[in-house]
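One structure is given below, encoded as structure tokens.
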Amino acid sequence: MVQFEAVVMSPVGLHARPAALFVKKVTASGLKVSVEPLNDGVATASADGKSILSVLSLGIKSGTTIRVTIEGDNAEALANDLKELLADPNV
């Protein structure tokens, strides 16, 4: 299991295109991924990283810190890809 925290840098947050790219990477990996927005280090909700509707329902805005948990083989490679996506303000 790999777990990391990241700040969503996209100006639109994890909405529409950034969320679709996130879900596409997760789905292609075949790994189990959960996404949790954090408020003062405490998770306020959780979503399945393979579900666009679940991710969108979190309402994650730009500048929000999220915790991503990845389970399965090659989780570190997916974590690196997702960290890069979340840090990109041009997505």
**OP:** Considering only the chain, give the helices (runs of 4 or more DSSP H) lying wholly within it that have at least 1 residues that are touching a Gly at 6+ places or on another chain (Cβ under 6 Å).
**Re:** 16-29
**OP:** Assess whether L56 counts as being modelled with pLDDT of 95 or more, of a type in the set (A, V, I, L, M, F, W, C) and over 17 Å from A16 (Cα atoms).
**Re:** no
Original post:
Name the residues in the stretch 21-44 that are of a type in the set (A, V, I, L, M) and closer than 16 Å to F4 by Cα, would you?
Top reply: V26, L31, V33, V35, L38, V42, A43
Original post:
From the residues in the stretch 49-71 that are out of contact with any Phe, Trp or Tyr (no Cβ under 8 Å at 6 or more places or on another chain) and of a type in the set (G, A, S), which one is surrounded by the most Cβ atoms within 10 Å (Cβ to Cβ)?
Top reply: S54
Original post:
Right, N74: among the polar types (S, T, N, Q), surrounded by fewer than 15 Cβ atoms within 10 Å (Cβ to Cβ) and touching a residue at least 12 places away in the same chain (Cβ under 8 Å) or not?
Top reply: yes
Original post:
Just checking, which of S46, S10 is touching a helix residue (DSSP H, G or I) at 6+ places or on another chain (Cβ under 9 Å), crowded, with 21+ Cβ neighbours inside 10 Å, touching a residue at least 12 places away in the same chain (Cβ under 8 Å) and among the polar types (S, T, N, Q)?
Top reply: S10
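The values are calculated or read from the model by the stated rules, or taken from the named source; none is laboratory data. Note that the structure is predicted; figures quoted are calculated from it, not measured. Heads up, the Cβs are rebuilt from the backbone with ideal geometry, glycines too, and the neighbour counts pull from every protein chain shown.
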